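The values are calculated or read from the model by the stated rules, or taken from the named source; none is laboratory data. Everything numeric in this text was worked out from a predicted model, so none of it was measured. Cβ coordinates were reconstructed from backbone atoms using ideal geometry, including for glycine residues, and neighbour counts include every protein chain displayed.
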Amino acid sequence: MNTRIAVIGVGSLGQHHARILAAMPGVDLVGVVDTNAARAQEVAATHGTTVVSEASSLIGRVDGVSIATPTASHVEVALPFVEAGIAVLIEKPLASSLGEADRLLAASAARGSLLATGHTERFNPAVAAARPLVSSPRFVEVHRLGTFPDRSLDIDVIFDLMIHDLDVLLSLVGSDVAAVEAVGVNVLTPKVDIANARLRFESGCIANLTASRISRDRVRKARFFQHDAYISIDYAAQELEVYRLVPSNGGRPVIQGGRVEIVNEEPLQRELVDFVAAIRERRPPAVTGADGRAALALATRIAELI
């Protein structure tokens, strides 16, 4: 029996959820929902599904929903499904506040429903390949720079872009954050458009992150420095480089390493495959609601300092 999924919100990101799910084996894309009726009709026609006018009418007809609506509506849209025991994937950030995130987590725990957060960089093949190589990093440098967008201008760049790297760092460093320093500037919008945060983890690791949506060039890179290796991730190119200091026979140590072979795949595709598999296998998703809440909490901490 196919897994029945609907997509709620088919704008710049949600349209890709619909595209991938419509082509996924063993999945029925039951329908799409959007406040823009013409947009919903266009996406539905493209991917051979139907327009659903009211999201609530999907309850009882689907096994899961993927939600890619504006952040402010996440709780309102997701909560009825969570309370009905239907699996829910919510694009990052999980909610617009920690209080709203806690409402979702509480409902998920009470009903035993699957709650996933859409932090796609966790599914980036370069990140997946780097994961077993990162061990007790001492310093991390992250740059996520982009040109001015036509979306997500209702939230700070911290919640739009930097939160990707906060989630990856929390999963790779494996330590609580002990202290935070941050600065941010609103340049083209009333929200923060460029931000820098310096995190000190309880392990002693220092991470320096810069996120911008007003840069000329698009950069998505993270570099990890640890006692035995230098690990560089290019998110956009899906490239990974690893260098190590290797002792030589009685002489000076030499640096060895280079680019690691990566099989490029669309991170969103991997994310949605995991979500569907989690529904079928009745297991937690790779990025849980609790993970989404942790990234949101750290992003909120940074935003409050700014």
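Structure summary
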quantity	calculated
Tally of residues being of a type in the set (D, E, K, R) and farther than 11 Å from residue 292 by Cα across segment 101-115	2
Some residue of segment 23-36 being surrounded by 16 or more Cβ atoms within 10 Å (Cβ to Cβ), assigned to a helix (DSSP H, G or I) and in contact with a Ser or Thr (Cβ under 7 Å, 6 or more places away or on another chain)	no
Residue within segment 240-256 that is within 22 Å of the chain's Cα centre (by Cα), in the same structural domain as residue 187 (by TED's automatic domain parsing) and either buried (at least 20 other Cβ atoms within 10 Å of the Cβ) or modelled with pLDDT under 95 (or both) present	yes
Selection status of residue 151, within 19 Å of the chain's Cα centre (by Cα), on the phi < 0 side of the Ramachandran plot and modelled with pLDDT under 90	yes
Out of 160, 274, sole residue that is touching a Leu at 6+ places or on another chain (Cβ under 9 Å) and closer than 29 Å to residue 69 by Cβ	160
Residue 220 vs. criteria out of contact with any strand residue (DSSP E or B) (no Cβ under 7 Å at 6 or more places or on another chain), touching a residue at least 60 places away in the same chain (Cβ under 8 Å) and either at negative phi or among the hydroxyl-bearing types (Ser, Thr, Tyr) (or both)	no
Test for residue 168: is it without any contact (Cβ under 8 Å) to a residue 60 or more places away in the chain, closer than 21 Å to residue 69 by Cα and not basic (Lys, Arg)	no
From 290, 295, 278, 299, residue being modelled with pLDDT of 95 or more, touching an Asp or Glu at 6+ places or on another chain (Cβ under 8 Å), among the aliphatic types (A, V, I, L, M) and part of a helix (DSSP H, G or I)	295
Where a residue in segment 116-142 is closer than 18 Å to residue 269 by Cβ and its partner, wherever it lies, is of a type in the set (Ser, Thr, Tyr), with Cβ under 7 Å and at least six apart	116/288; 117/288; 121/235; 122/171; 124/235; 126/235
Listing of strands (runs of 3 or more DSSP E) fully contained in segment 188-244 that carry 2 or more residues being under 29 Å from residue 265 (Cα atoms), among the β-branched types (Val, Ile, Thr) and touching a helix residue (DSSP H, G or I) at 6+ places or on another chain (Cβ under 6 Å)	229-234
Condition met for residue 215 (of a type in the set (S, T, N, Q), modelled with pLDDT under 95 and surrounded by 15 or more Cβ atoms within 10 Å (Cβ to Cβ))	yes
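Rundown of residues vs (1) in contact (Cβ under 8 Å) with a residue 40 or more places away in the chain; (2) within 23 Å of the chain's Cα centre (by Cα), yes/no style:
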site: 9; (1), (2): yes, yes
site: 18; (1), (2): no, yes
site: 35; (1), (2): no, no
site: 42; (1), (2): no, no
site: 68; (1), (2): yes, yes
site: 77; (1), (2): yes, yes
site: 92; (1), (2): yes, yes
site: 102; (1), (2): yes, yes
site: 108; (1), (2): yes, yes
